[in-house]
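Just so it is clear, none of the values below were taken in a lab; they were calculated from the coordinates. Fair warning: this is a prediction, and the values are worked out from it, not measured in the lab. Glycine gets a Cβ as well: all are built from the backbone with ideal geometry, and neighbour counts include every protein chain shown.
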Amino acid sequence: MNSSVKNIRILVVDDSELILKAFQNFFINDRVDVLTCTDGLKGLEKATREKPDIIFLDLLMPNLNGIKMLREKQEIDAIKNIPVVVVSANTARTNVLAAIDAGAAKVISKPLQKDIIVETLNEILGVDLNLNYLTSNRNNQSILIQEEYYSDLVNIFLRTFNDKKEELLSSVRTKDKYLLRSVAHDLKGAGATINNEIIKNAASEIENIEITNPGNWVFIETKINEIFSEVNKLKEKRIKK
C-alpha cells in the first residue's frame, strides 16, 4: 500500500465514545480516514462493507466482544486478511495471548500514545506516515489529551457518567463484584483518557481489589466517593467556563 496514493482507512471498534472521538481528533489534519462503531457485531458488518486497511479493536464490548469478533472475522473471506490491533486497558499476559491466538496482529495498551499508534500503522501496513500533528508535538503524551480537544472529551465523559454512577451504586447495593469490576475497568480507561489521575487510580484500585470480607466494600465505597467528588469538581469547572 502507498500512503501517497490514497488515504489510510482505519476502523475503530470500541464502546467508549471517548476513544472513538480521540481517534477522530488525532487524525483530523492528516490523510487518515477514521471509521467507528461501538460493538463487535457492528464492527464485522462495517468491516465487510467498508474494507478498512486496519482495525483497532477493544476487548470488552457489548453484543460481541473483541475476542469473539476476532474469531468470527477469521471465518469471513472478505475481511479475514485485514490486520487487527487490539487496544485494551488490561494487557495481562493471558489477555495478550488470547488476542494473538484469536488472530490479532498486535496488542497495545490504553491510554494510547501518539507515537505507538503511528509506529503500529507503519509497522503493520508497511507505510511511512509522517503525521503533521505528531511531528509538531512529539511529547509521547496520550493522544487523548491534546489541549484543543480536551474540553470536548471531558464534556463527553460528564455526559455519559450518570449511567456509570448508577451502575456503581447498584453494584455496591447488590454486592455484585462482576458489575463493579466492569464499571471500574471502564472508568479507569476514561480517567486515563481525560488525563485525570484521581479517577483513573481510584477506579484501578476498585477493579483490582480482592473482595474477601465486608471491610473491602467499605474501602470500595470510599474510592467510589473519591470518583464522585472528582466528577463534581469537573462539573463545577465546566459551569464556571
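For this structure, a couple of remarks:
- Using a Förster distance of 22 Å, the FRET efficiency for Glu236-Ile211 (Cβ separation, nearest 0.05): 0.10
- Correct choice for semi-axes √(5λ) of the Cα gyration tensor in Å that was computed from the model, options [x] 32, 22, 15; [y] 26, 22, 16; [z] 35, 21, 16: [x]
- Other residues lying with their Cβ under 11 Å from the Cβ of Pro83 contribute a combined charge of +1, Lys and Arg counting +1, Asp and Glu -1.
- Reciprocal mean inverse distance between Cα atoms of the stretch 8-144 - Kirkwood radius, Å: 14.9
- The angle separating the long axis of helix 40-50 from the principal Cα axis of greatest extent in the chain is about 20 degrees.
- Full-extension gain in nm, Asp115 to Ile198, via 0.36 nm per residue minus C-alpha separation: 27.4 nm
- Highest average packing first - 110-116, 204-210, Cβ atoms within 10 Å: 110-116, 204-210
- Normalised by the number of residues in the stretch 8-144, the mean separation of alpha-carbon contacts (under 8 Å, six or more apart) gives a relative contact order of 22 percent.
- Sequence-ordered 3J(HN,Hα) estimates for the stretch 101-113 from the Karplus curve with 6.51, -1.76 and 1.60 and θ = phi - 60° stand at 4, 7, x, 5, 7, 6, 10, 10, 9, 8, x, 6, 10 Hz, glycine and proline given as x.
- Cα-centred dipole magnitude for the stretch 147-240, charges only on beta-carbon of K, R (+1) and D, E (-1), debye, nearest 20: 240
- For the cross-link pairs Lys106/Lys164; Lys42/Lys223; Lys6/Lys80; Lys188/Lys235, the ones whose C-alpha atoms lie over 24 Å apart are Lys106/Lys164; Lys42/Lys223.
- Between the stretch 34-91 and the stretch 198-241, the Cα center-to-center distance that results, in Å: 31
- Once the Cα atoms are used to define both axes, helix 147-174 deviates from the longest principal axis of the chain by about 50 degrees.
- Backbone N under 17 Å from the Thr222 label point (7 Å along Cα→Cβ), restricted to the stretch 186-213: 198-199, 201-213
- 14 Å beta-carbon shell around Leu179, net charge (K/R +1, D/E -1): 0
- In plain terms, the residue of Leu64, Leu20 with the fewest other Cβ atoms within 10 Å comes first and the most crowded comes last, giving Leu64, Leu20.
- Order of Val154, Val13 under a 10 Å beta carbon neighbour criterion, fewest first: Val154, Val13
- The relative contact order of the chain, computed from alpha carbon pairs under 8 Å that lie at least 6 residues apart in sequence, is 15 percent.
- Helix 214-240 axis, angle to the chain major axis (alpha carbon atoms, nearest 10°): 70
- Mean separation of Cα contacts under 8 Å, 6 or more apart, over the residue count of the stretch 147-240: relative contact order %: 24
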